[in-house]
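Please read the structure below before turning to the comments.
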Amino acid sequence: MPTANELRQGFLDYFKGHGHAIVPSSSLIPQADPTLLFTNAGMVQFKGVFLGEERRAYTRAASSQKCIRAGGKHNDLENVGHTGRHHTFFEMLGNFSFGDYFKEEAIHYAWEYLTRVVHLSPERLWVTVYKEDDEAYTVWEKKVKIPAARLVKCGEADNFWQMADTGPCGPCSEIHYDQGPGVPGDPFPNGEGDRVIELWNLVFMQYHRDEKGMLHPLPRPSIDTGMGLERLAAVVQGKTSNYDSDLFQPIIRAIGEAARKRYGASADDDRAMRVIADHLRAIAFMIAEGLLPSNEGRGYVLRRILRRAARYGRLLGLGLDGPFLNRLTAPVIDLMKGPYPELERARTTIDQVTKAEEERFLDTLDKGLRLLDEIIAEAKQAKQRVIAGEALFKLYDTYGFPLDLAADSAKDHGLALDEAGFQAALNEQRERARKSAGFAAAKTKDIYTELSGIVAPTQFVGYSQLDTEGFVQAIVKQDARVKEAVEGDEIEIVLDRTPFYAEGGGQVGDQGVLTGPDGIIEVRQTTRPAPELFLHQGVVTRGRIREGDRLRAHVDPRLRLGAARNHTATHLLHAVLREVLGPHVKQYGSLVAPNRLRFDFAHFTPVRPGQLEEVEAIVNERVRADAPVQTKIMGISEAVQEGALAFFGDKYGEEVRVVEINTFSKELCGGTHCRHTGEIGLFKLVSEGGVAAGVRRIEAQTGEGAYELLKQREAELRALADILKTNPADVVTKARKLVTTLKEKEEELEKLKARLASGGAGGGGGETRMVAGVPVYIQRVDGLEMNDLRALADTVREKLKSGIVALGSVKDNKASLLVAVTKDLAARFPASELIKPAATEIGGSGGGRPEMAQAGGKVIERLQAAFDRVEEEVKRKAGA
């Protein structure tokens, strides 16, 4: 009996033997297709080929594609665990023809593979065809000789496939497998139950559907087929549930061991184990792709899958306490790392991210469940049948408590949820956040839209030259088109040809000078509000500029080189962060300016100092390698297939520019770069910190900026050395000594405070006497300096609440005296007046700060006399 790994490889080997190129699985993140949340079929990476937007070096291909169906249009999440055939993550086996073979060959390959390679019984196979596809029906009936009883014509809903409302589409033939009467369900395809299940779908792309819904024949019909490996493995291995195949059983056994439960003993436990086993596969593969849990997009899907698995383990049957999912990702990795080595590379990251998210969720559960209990109790007390949407939103917004979990708990109490009210509150919060952040939908100015339809596209030549001539196609002043501009005017110029790089991809626009026959413009920024419209924004510094002038366009070479250094360094930084921290690191945003760079990236914890040092060292090592920086233009899918990093949400054309740095880095990028990494000179990290949940930010400098930063830090080191009265080389040693001394002083002070509080200071315990009806606290505490006495006086005054404090200390044969008064008595007994006569007793003047005095001589006797004079002065003022 073949294993799933053998089936996967056997499928690819079969089609390789029939002239197909074996194409590796693309990413789960469809980087070249922002219309999809996840790759959900094998044809996704070939979409550009099917649409005629790109060509490949082959016309027939086969693959085993990683897929996720847990969000968007194709979402199997809620069915997982309840059936034996639904999954969030699965592998789709497929063969493809791009204008090469068509129906007869595709049908022949599928039938031969199923009946002669994996030896499924032909008597158990059914075929459905589109009711109007006589060509396919004839092939199945005459060539394959499927009995009419098992060859069924179906309608458009079951047997006609289309990519979208318009575009490529066509009929399909589906091969179904009858699992036998022991499985509940109808004994024919597309019926109820799981007895007859779809196994392989053969799509014949032969039409183009236009906006009116009309079908037009394609000049080069193509083939797109898909078969789930999980379902194939179950059928070939004689199992009626995918979860009983060798793709799932090792994982399920590990779950059973953790929960001390046996799979097959309880329907509820079995369902929980199936959910967890499925979700663990999705979790491992999604994190290996660089995804992190978040509250939106793909990150939210990951969070929802992970938390759903945690709920099934903790609340819905298995009774697992504490984080457990991270430990169970290990069996998934061990099982799948052969065909997907990225899992092994990301093993540590998968463990850490899963554990951190599950711990966060457990905390959410504990707090959220308590609040939900209160909400339910209030609703029942008020005899309400529906929980208000605002209350649900508070639960979600404050604790991240999932709405579906709240629904489960509410259902147990016979309550429903106001989901419309919840959604309204959620939308309102998003709008507030958008306004507070200053975000608004970017709207192209009318003048730019107008110009885009009038002027010729600007030809950008700035990759290879910084100086050229251009023809003035338009001048914009104060959002209006003008024929000329004079000295002092702030304007925007559109040229037919320019070396100025327009702001984009995180890189700031070029600056420089435009020189004409009668005037000069200082360009302060270059932007591109439309794909082929370059705006040179600046001010006329001399003469005048007219529409139709020929200008000499000159980019500031120093600023351009600075930006190029920082842009190339950003690519190196991105690559090295992925090496050091893990493949989950993905760019979330960047700023590339002539004087600095900023890089935002996905990572779930602060980067440790040792890791930052390693990153900086490796980047500088690659700078010193003086590796060549090469660019080339290629098709988007081909570039991604070759490993170039692309970024979801970015819009790419049919052809893209790939920037490759030796074997270090390969990214889709339209920015300007160094010719060799050595031109960067020096890379220096400036800071690292968090900017949002799961997003870190690094700031750094290169070249001149890094040199200036080092000079600044040297100057600061010299200034610090002057303050510490040492030389720069000994600053650290001196600072450590000072810190040690300070710590010793603080410890000494704390001990003395404790002695004072217990009345055990040197010279006798303190006591409070009533003098003329006023509490006067007197204490001698030896060994303290005046700052220490002040700190102690504050402590005593706080305890005393109302009264006068007189503290004295003897140190190095010198006496110190301090008098302090609580706020309520300060007007009647000013401290400065109480201490003046007392200070004469110890030989001091009470100058400087009059409530403090220091003196020498027979210190102990004089200090006692000073205390007596304080009391006499209190009596005198009280009598007055």
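The values are calculated or read from the model by the stated rules, or taken from the named source; none is laboratory data. Bear in mind that the values here come from a model prediction, so they are computed numbers and not experimental data. Glycine gets a Cβ as well: all are built from the backbone with ideal geometry, and neighbour counts include every protein chain shown. Surface accessibility is based on the protein's heavy atoms, side chains included, excluding ligands, DNA and RNA. Shrake-Rupley method; radii C 1.70, N 1.55, O 1.52, S 1.80 Å.
Could you work out the relative contact order of the range 266-419? I mean the mean sequence separation of Cα pairs under 8 Å and 6+ apart, divided by the number of residues, in percent.
Details: 152 pairs, mean separation 30.1, N = 154.
About 20 percent, as a whole number.
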- So for the pair Glu469, Ala377, with labels modelled 7 Å out along Cα→Cβ, what separation do we get in nm? 8.5 nm
- Task: Within the range 654-683, find all residues whose amide N lies under 16 Å from a label point positioned 7 Å from the Cα of Asp626 along Cα-to-beta-carbon.
- Result: 662, 674-682
- Message: Using only Cα atoms and rounding to the nearest 10 degrees, what angle (0 to 90) does helix 297-314 make with the longest principal axis of the chain?
- Response: 80 degrees
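In what sequence, highest mean first, do 408-414, 296-302 appear when ranked by Cβ atoms within 10 angstrom?
Values: 408-414: 13.1, 296-302: 17.7.
Final packing ranking: 296-302, 408-414.
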- Message: Let me check something: with ligands and nucleic acids excluded, how do Lys142, Lys483 order by accessible area (1.4 Å probe), largest to smallest?
- Response: Lys483, Lys142
- Shape category assigned to the range 272-407 from the gyration tensor of Cα positions, a/c cut at 1.5: prolate
- Message: If a paramagnetic tag sat 7 Å from the Cα of Val686 along the Cα-Cβ line, which residues of the range 708-741 would have the backbone N under 20 Å from that point?
- Response: 708-717
- Output the relative contact order of the chain, whole-number percent, from Cα pairs under 8 angstrom with separation of 6+ residues. 7 percent
- Query: Rounded if a/c is under 1.5, else prolate if a/b is larger than b/c, else oblate: which is the range 540-699, with a ≥ b ≥ c the root eigenvalues of its Cα gyration tensor?
  - Reply: prolate
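Out of the total accessible area of the chain (probe 1.4 Å, heavy atoms of protein only), what percent is carbon and sulfur? Mind showing how you got there, number by number?
Numbers: 19910 of 41040 Å².
Answer for the chain: carbon and sulfur cover 49 percent of the accessible area.
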- So how far, in whole Å, is the C-alpha centre of the range 540-600 from the one of the range 658-714? 10 Å
- Query: How far is it, in nm, from the label point at Leu742 to the one at Asn813 when both lie 7 Å from their Cα along the line to the Cβ?
  - Reply: 3.3 nm
- If ligands, DNA and RNA are left out, what is the accessible area of Asp794 with a 1.4 Å probe, given in Å² to the nearest 10? 70 Å²
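If I take R0 = 45 Å and measure r between the Cβ atoms of Leu51 and Glu503 in this structure, what FRET efficiency does the formula 1/(1 + (r/R0)^6) give, to the nearest 0.05? Please report the intermediate quantities before stating the final value.
Values: r = 30 Å, r/R0 = 0.68.
Efficiency, from the Cβ-Cβ distance: 0.90.
Work out the length of the dipole vector of the chain about its Cα centre, built from +1 on the beta-carbon of each Lys and Arg and -1 on the beta-carbon of each Asp and Glu, and round it to the nearest 20 debye. Can you show the working numbers first?
Numbers: 117 positive and 125 negative charges, 511 e Å.
The dipole of the chain has a size of about 2460 debye.
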- Query: So between Lys445 and Thr733, what do we pick up on full extension, going 0.36 nm a residue minus the alpha carbon distance?
  - Reply: 97.6 nm
- Query: With each label point set 7 Å from Cα along the Cα-Cβ vector, what nm distance links Ala791 and Asp366?
  - Reply: 3.7 nm
- Where does each of 665-673, 449-457, 562-570, 57-65 land if you order them by average Cβ count within 10 Å, highest first? 562-570, 665-673, 57-65, 449-457
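Could you sort the peptides 604-612, 812-820 by per-residue average Cβ neighbour count (10 Å cutoff), highest mean leading? Present the calculation step by step, with values, prior to reporting the outcome.
On the way: 604-612: 14.0, 812-820: 21.2.
Packing proxy ranking, top to bottom: 812-820, 604-612.
Calculate, in nm to one decimal, what Glu547 and Thr768 gain on full extension: separation in residues at 0.36 nm each, minus their alpha carbon distance. If you can, show how the numbers build up before the last one.
Working: separation 221, 0.36 × 221 = 79.56 nm, distance 9.26 nm.
That works out to 70.3 nm of additional length.
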- Task: Rounded to the nearest 10 degrees, what's the angle between the helix 786-800 long axis and the longest principal axis of the chain, both from Cα atoms, 0 to 90?
- Result: 80 degrees
- Message: Could you tell me the calculated FRET efficiency between Thr115 and Lys337, based on Cβ-Cβ distance and R0 = 35 angstrom, to the nearest 0.05?
- Response: 0.65
- Relative contact order, percent, the range 46-152 [alpha-carbon distance under 8 Å, six or more residues apart]: 21 percent
- Message: Nearest 10 degrees is fine. How inclined is helix 103-112 to the longest principal axis of the chain, computing both from alpha carbons?
- Response: 80 degrees
- Note on the structure: Expected field for Phe46, accessible surface area in Å² at 1.4 Å probe radius, rounded to 10, holds 0 Å²
- Query: Which value, in Å² rounded to 10, gives the accessible area of Arg876 with a 1.4 Å probe and all protein chains present?
  - Reply: 140 Å²
- Task: Mark the label point 7 Å from the Cα of Tyr58 along Cα→Cβ and return the residues of the range 191-229 whose backbone N is within less than 16 Å of it.
- Result: 223-226
- If you take the beta carbon distance between Glu522 and Gln429 as r and set R0 to 45 Å, what does 1/(1 + (r/R0)^6) give as a FRET efficiency, to the nearest 0.05? 0.50
- Message: Among (1) 38.6, 128; (2) 33.4, 103; (3) 37.2, 119, only one was calculated for this model; which label is it, if the read-out is Rg and Dmax of the Cα atoms in Å?
- Response: (1)
